[in-house]
Amino acid sequence: MSDGDSELTVPLPDEVLDAIALRVARLLRERTEPDRPEPWVGVAEAAEHLHCRPQRIYALVHQGRLKPRREGSRLLFRRSELDQWLLRESSLDRRLRRRDGIRDGR
């Protein structure tokens, strides 16, 4: 770096770094194998992807907030759909907090 440049360092928790690494790996895989459909994941992998317990996935499905595909008694999800759901939920949460005058604390 030259004398006029500045450097910004942002510490990130390991979970965030892992999530970023998984997302980058998935994007690279999709670009190198574009004709291959995205694989389905079960409840355990969906919970791991969302960093929650499997019971939380079952609760979200029961509440109608997550819409799985069903194969017999198995619940199946696409990671991209889980990501989209998470973005929608986060957006809804922010709108409700603003409506109710609750600060984020950021």
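Criterion first (within 12 Å of Ser80 (Cβ to Cβ) and either among the polar types (S, T, N, Q) or modelled with pLDDT of 80 or more (or both)) does Val24 satisfy it? So Val24 does not fit the description; no. Examine segment 68-78 for a residue that is assigned to a helix (DSSP H, G or I) and either surrounded by fewer than 11 Cβ atoms within 10 Å (Cβ to Cβ) or of a type in the set (Val, Ile, Thr) (or both), and state whether such a residue exists. The answer is no; no qualifying residue exists. Out of all the residues in segment 6-15, is one or more of a type in the set (Gly, Ala, Ser) and surrounded by 10 or more Cβ atoms within 10 Å (Cβ to Cβ)? The answer is no, given that none of the residues of segment 6-15 is of a type in the set (Gly, Ala, Ser) and surrounded by 10 or more Cβ atoms within 10 Å (Cβ to Cβ).
The values are calculated or read from the model by the stated rules, or taken from the named source; none is laboratory data. Predicted model, so just to flag it, every value in this text is computed and none were measured. All Cβ positions, even for glycine, are placed from backbone atoms using ideal geometry, and neighbour counts span all protein chains on display.
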